[in-house]
1. Please compute the contact order of the range 325-446 in relative form: average sequence separation of alpha-carbon pairs under 8 Å and at least six residues apart, divided by the residue count, as a percent.
2. Working with all protein chains in place, sort LYS360, LYS350, LYS186 by solvent-accessible area computed with a 1.4 Å probe, largest first.
3. For ARG255, enumerate residues with amide H under 5 Å from its amide H, sequence gap 5+ or separate chain, H modeled in the peptide plane.
4. Express the C-alpha Rg of the range 325-446 as a ratio against the empirical globular expectation 2.2 N^0.38 Å, rounded to two decimals.
5. Give me the accessible area of GLU270, 1.4 Å probe, in Å² rounded to the nearest 10.
6. Karplus couplings for the range 415-421 from phi (6.51 cos²θ - 1.76 cosθ + 1.60, θ = phi - 60°), rounded to Hz, Gly and Pro as x?
7. Can you give me the % of accessible surface on the range 325-446 that is carbon or sulfur? Probe 1.4 Å, all protein chains present, nothing else counted.
8. Can you give me the C-alpha center-to-center distance between the range 358-415 and the range 153-193, rounded to a whole angstrom?
Amino acid sequence: MPEDGECAAACGSPVAANISRVNGRTKRDRSLETTSKTERKRRTCDPSERLSCHKTQDSLLSSASGYNKYRGILNWCVVMLVLSNARLFLENLLKHGILVDPIQVVSLFLNDPYRWPAACLVIAALRHQNPPVPQGSFSERLGFLVHAINMGVLITFPAAVVLLLPSVTPVGGASALSIYTILFLKLYSYKDVNLWCRELSSIKVKKLSRSLSCPSQQHWSGGDCKVSYPGNLTIRDMYYFVFAPTLCYELNFPRSPSVRVGFLLRRLCEMATTAQSSPPVLLRLAVPNHLLWLMFFYWFFHSSMNFTAELLRFGDRQFYNDWWNSETVTYFWQNWNIPVHKWCLRHFYKPLLRRGFSKKVSQSAVFFLSAFFHEYLVSVPLRMFRLWAFMGMMAQIPLAWFVGRFLRGNYGNAAVWISIIIGQPFAVLMYVHDYYVLHHRQEVDGL
């Protein structure tokens, strides 16, 4: 008697044919499974199979083995990191108390806010945003002039405050300037995307191309809602972008379905543990600069940005890529800080290519821009201009050429790690030396 699948196939319908194919695959799978079991049973019972238990093969940790599943080793590293941080956390809590107390910080700020100029700068940056101006209120030329003035103020005003007010500490100044720099890059992207949308709307294009970053659906609590230009020109949309963990603006960001409370709590615990453990470690110099940098990377790019993304239901969580496997310097800079890389690629590198510049010139211009902001974020808070950060970034251009030209595979990866481990402490040492000489010249002369 024919089975259901054979009878259905005889009917000639597409659904019936699919059922027949599924039943056929099921029979083949069962046959292969039966054959495999029979083969294993035959080998178990075969006396000749008992005489040999070896075959030619490489050890798993050998490069020739092709083995690449190191998840267990990664878990071991995480467990060791958690245990070491837990020990530091308990020691510091017993000896120094709570190092990061948000309630105490807020109360001190409210009692005398003018003693915290860096915090005032941050608040001014958030209040600096005005509601978007509707289309047609300004001419294109006047709007560009206002935007250029606004962007210039974002760069020069905080730098002037940090340089002129002695009460601004280097850490507070660097934090405030970092926020203003992020805001500068965000508003530049906001202007570019809305300019592209105006150009499209002028030729009556209703559906915006994904390549111009007006892509996917946006999920709100009340249902699905896709925003189109100029409906995105709202204060809510702008402030969502300001707080979102990205530098590139879109009309419709990918959104996660809901906020996961457990995920938020895990990221919050990671942030608090790192903050509690790091300051005494830094003061005692018990942990090298490189490990502190790795701790900062995990705290900022994984814990903090995932916490913010989960809170805002921001769907794109690729804040970094596998930069630790970099075999070239170029790959490292393209993958260790994805938000900055996306911004440079979208708003600086590709526009230069469209204007006729070569790839080498455009890449050099990107490194020059990055070098400027590195020096800006270091020299201004320290109130001294030594160009060590600028020269360190510009030195990446010949280093990238050398590593890409002469080194491959593990040698290239080792060269990238050496440049990270040695290059950063060298730059830090130069700034520490110059800062100490500049502020303690009399003590140095008296020795």
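The values are calculated or read from the model by the stated rules, or taken from the named source; none is laboratory data. Just so you know, these numbers come straight off a predicted model, no measurement behind them. Note: accessible area is taken over every heavy atom of the protein model, side chains too, but ligands, DNA and RNA are not part of it. Shrake-Rupley method; radii C 1.70, N 1.55, O 1.52, S 1.80 Å.
1. The value is 34 percent.
2. Listed by decreasing accessible area, they come as LYS360, LYS350, LYS186.
3. Placed amide hydrogens put HIS219, GLY315 under 5 Å from ARG255.
4. Compared with the compact-globule rule of thumb, the range 325-446 sits at 1.25.
5. 40
6. Going residue by residue, I get 5, 5, 5, 5, 5, 6, 6 Hz, with x marking Gly and Pro.
7. Roughly 68 percent, rounded to a whole number.
8. 22
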